[in-house]
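Each remark here refers to the structure printed beneath this line.
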Amino acid sequence: MTTITRRSVLKGLAAGAVAAAPLRALAQQPPVIRIGLLTDMNGPLSQMNGPGTELAARMAIEAFAQTHPEIKVELEAADMQNKPDVVVSLAREWLDNKGFDVITDVPISAGALALSPLLDQRDKIGLFTSPQSTKLTGEGCGTNHLQWVTDSYANSKSVVEAQLQADGKTWFFITGDTALGRDLQNTAANFVTKGGGKVLGSVQHPYPGNTEFSSYLLQAQASGAKVIGLANTGPDAVNCIKQAGEFGLIQKGQKIAGLALEITAIRSIGLDTAQGVLLSDAFYWNLIDKTREFAQKFKAKHGDIPTAQHAGQYSAVLNYLNAVAVVGLDAAKKSGRAVLAQMRSKTFDDPLFGPLTVREDGRVVHQMLALQVKTPEQSTSKDDVYNVVAVIPPDQAFRPMAEGGCSLVAK
């Protein structure tokens, strides 16, 4: 039997007082909006996210300060090491002991899904600008997070429909052995069959860090499929396309469709090898004057052009802060859901993504782009890598809300 003594009670009370001290100290300071950015600083996703994502968030804060200098905003960034438990641990520390209001980026879907319940409980906001799983707006939707930029549905739909229109009726998938890879393949395969095409086969490879794709590419070649769909990303996708070039698959008539390719991957591969590859994205720096203006400002500080994730981070943070200014600082600190209600109240005219709407299921809806990698002769600079094949309107780009299975959506 455990004996409870006066000393043990006092000791417990003292420990509680120590734990509560940081929050009491914060409460005595003037209110500040605190944003915590969890990203991949050094791993396989660091080029498309990483330090560039932190820079984009700081640029958004600077832009907001020009019109609302009275609202103070602080940003802290950390490397979440692509581990869901690290995501939750760092976020819990920020939310419970440092008074943070927002957690943003979170490149891996498993980390975002694990974090969502904590955000709901604390009534704080998640601005997820990198994870691509549609579960975030489906069975894993939550009251306090938004999914910005793109997802596996939008990426797959844009690419498959463009290939089907170009007579790419038969497909073979090379898929990273991850939840995202399988999600990309299943979603794309569904669009292929719905569009009158046929899936001739698929193969999974270890992910990340796979460097040998010859056996998978030979299977794709032997299938006779007109299109090889790559349901992988990062260095694995780069290695796969480079080896496809070495085998001459594109030159022999097979097409490569990237379901989650980024501009950083295309530049790493080079136009000589990647030319003709079809992919989709939510942002391209060279689309219109406003995207070019942002890209030049970003490049002047980062040394490179922005990815869609960088642009999404800028967009998400700036639109969030503008909503804070409308509801008021005190109300925003008290309730993240109050800010999200304001963000859902109207369509934003976003300079980087065009008209932008926040849905009830947490999906941020905007146009998508079907893109094709240029030939070296078509390119005017190392950053000029895409031809825009199609612009998909917001109401056609993303999964209809009624099909997602989000419990927050009225039946």
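Comparing mean-square fluctuations of G50, G303, G312 from a GNM of the chain with C-alpha springs under 10 Å, the top value falls on G303.
The lysines whose alpha-carbon is closer than 25 Å to the alpha-carbon of K135, local same-chain residues fewer than 8 away aside, are K83, K124, K157, K194, K346, K411.
Expressed as a whole percent, the accessible surface of the range 187-243 that belongs to carbon and sulfur atoms is 53, based on a 1.4 Å probe.
Extending 7 Å from Cα along the Cβ direction at K72 and again at K301 yields two label points whose distance is 2.1 nm.
Each label point was placed 7 Å from the Cα along the Cα-to-Cβ direction; for D272 and D395 their separation is 4.7 nm.
Any idea what angle helix 179-194 forms with the longest principal axis of the chain, computed on alpha-carbon atoms, 0 to 90 degrees, nearest 10? Value to nearest ten degrees: 50.
Karplus-derived 3J(HN,Hα) values for the range 322-328, using 6.51 cos²θ - 1.76 cosθ + 1.60 with θ = phi - 60°, are 4, 5, 4, 4, 6, 7, x Hz; glycine and proline are entered as x. Mind jotting down the distance between the C-alpha centroids of the range 42-118 and the range 221-250, whole Å? Using only Cα atoms to place each centre, the spacing works out to 33 Å. Between E403 and L200, the simple spin-label model (points 7 angstrom out along Cα→Cβ) gives 2.6 nm. With Cα atoms as the point set, the radius of gyration and Dmax of the chain evaluate to 22.6, 82 Å.
The length gained by stretching the chain between V388 and A222 to full extension, at 0.36 nm per residue less their Cα-Cα distance, is 56.7 nm.
A Förster radius of 22 Å, combined with the Cβ-Cβ distance separating A410 from K346, puts the computed FRET efficiency at roughly 0.65. Using C-alpha pairs under 8 Å with a sequence gap of at least 6, the mean separation divided by the residue count of the range 362-403 gives a relative contact order of 50 percent. By DSSP, the beta bridges lying fully in the chain are antiparallel in about 30 percent of cases.
Taking a Cβ cut-off of under 14 Å around I392, the surrounding Lys, Arg, Asp and Glu residues balance to a net charge of -2, with basic ones at +1 and acidic ones at -1. Picking from G43, G52, G234, which is most flexible by a Gaussian network model of the chain using Cα springs under 10 Å? Comparing G43, G52, G234 in a Gaussian network model of the chain, the most mobile one is G43. Accessible area per residue for the chain, computed on protein heavy atoms with a 1.4 Å probe, is 42 Å².
Element breakdown for the range 278-346 at a 1.4 angstrom probe: carbon and sulfur atoms account for 49% of the accessible area. Taking 0.36 nm per residue of separation and subtracting the current Cα-Cα distance, fully stretching the chain between E93 and K252 would add 51.8 nm.
Taking the Cα centre of the chain as reference, the dipole from Cβ charges on Lys and Arg (+1) and Asp and Glu (-1) amounts to some 840 debye. Within the straight-line cut-off of under 22 Å between alpha carbons, the lysines reachable from K382 are K242, K290, K297, K299, K301, K374, sequence neighbours fewer than 8 places apart in one chain being disregarded.
Cysteine residues of the chain whose Cβ has no partner cysteine Cβ closer than 4.7 Å: C240. Length available on full extension from N286 to A179: 0.36 nm per residue minus the Cα-Cα distance, which gives 35.3 nm.
The values are calculated or read from the model by the stated rules, or taken from the named source; none is laboratory data. On a predicted model such as this, the values are computed, not experimentally measured, just so you know. Here Cβ is always computed from backbone atoms with ideal geometry, including for glycine, and neighbour counts include all displayed protein chains. What goes into the accessible areas is simple: the full protein's heavy atoms, side chains included, and nothing from ligands, DNA or RNA. Shrake-Rupley method; radii C 1.70, N 1.55, O 1.52, S 1.80 Å.
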